[in-house]
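Let me begin by presenting the structure, written as C-alpha cells, before commenting on it.
The values are calculated or read from the model by the stated rules, or taken from the named source; none is laboratory data. These figures come from a predicted structure and were not determined experimentally. Cβ placement follows ideal geometry from the backbone for every residue including glycine, while neighbour counts extend to all protein chains displayed.
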Amino acid sequence: MMGMTWYFIGLVLGLSLYVLFKLRIRYGLEWLPLTLCGSGIGLILFAAAWGVAAMLEGVPRAASMGLLLFGLPGIVLTTYGARLIANAANLSSEGSDA
C-alpha cells in the first residue's frame, strides 16, 4: 500500500512541476508565485504521505494532526500563489489587447 502511495505522490509531483514550468513560460512569472505554489504543493503531498503512513501504522490521531498542521498551510500557500498567477495572467492578457 505504501509503495502505491509513493508512486501516486511522485506522479502528482511530476505533473505539478510540469504545470508550474509551463505557467512560467507562458506568463513569464516571477519567483514568488512559483515558490508559493511549489511549497504549497510540497506541503500538501507531505501531508498526504504523513496521513497515509500514520493510518497504516494505526495512529489516526497522528494522521489527523499531520493533515491539519501540514495540509492547511499547504492549501493556503497554494491558493495565494494561484491568485498571484491568475493576477499575472490577467495583466498579461490586458497588455496584449492594447
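Things to note:
- Condition met for L29 (more than 22 Å from L72 (Cβ to Cβ), hydrophobic (A, V, I, L, M, F, W, C) and not in a helix (DSSP H, G or I)): yes
- Top-ranked residue of segment 17-33 - restricted to ones that are over 25 Å from L67 (Cβ atoms) and among the hydrophobic types (A, V, I, L, M, F, W, C), ranked as modelled with the lowest pLDDT: L29
- Checked against (1) within 11 Å of the chain's Cα centre (by Cα); (2) aliphatic (A, V, I, L, M); (3) surrounded by 18 or more Cβ atoms within 10 Å (Cβ to Cβ), I75 passes all but a single condition, namely (3).
- Here S39 clears all of (1) closer than 22 Å to L68 by Cα; (2) in contact (Cβ under 8 Å) with a residue 12 or more places away in the chain; (3) of a type outside the set (A, V, I, L, M); (4) surrounded by fewer than 15 Cβ atoms within 10 Å (Cβ to Cβ) except the condition numbered (4).
- Condition met for L29 (farther than 27 Å from M4 by Cα, buried (at least 18 other Cβ atoms within 10 Å of the Cβ) and either of a type in the set (A, V, I, L, M, F, W, C) or touching a Lys or Arg at 6+ places or on another chain (Cβ under 7 Å) (or both)): yes
- Considering segment 78-93, and only residues there that are touching a residue at least 12 places away in the same chain (Cβ under 8 Å) and over 16 Å from V19 (Cβ atoms), the residue that is surrounded by the fewest Cβ atoms within 10 Å (Cβ to Cβ) turns out to be S92.
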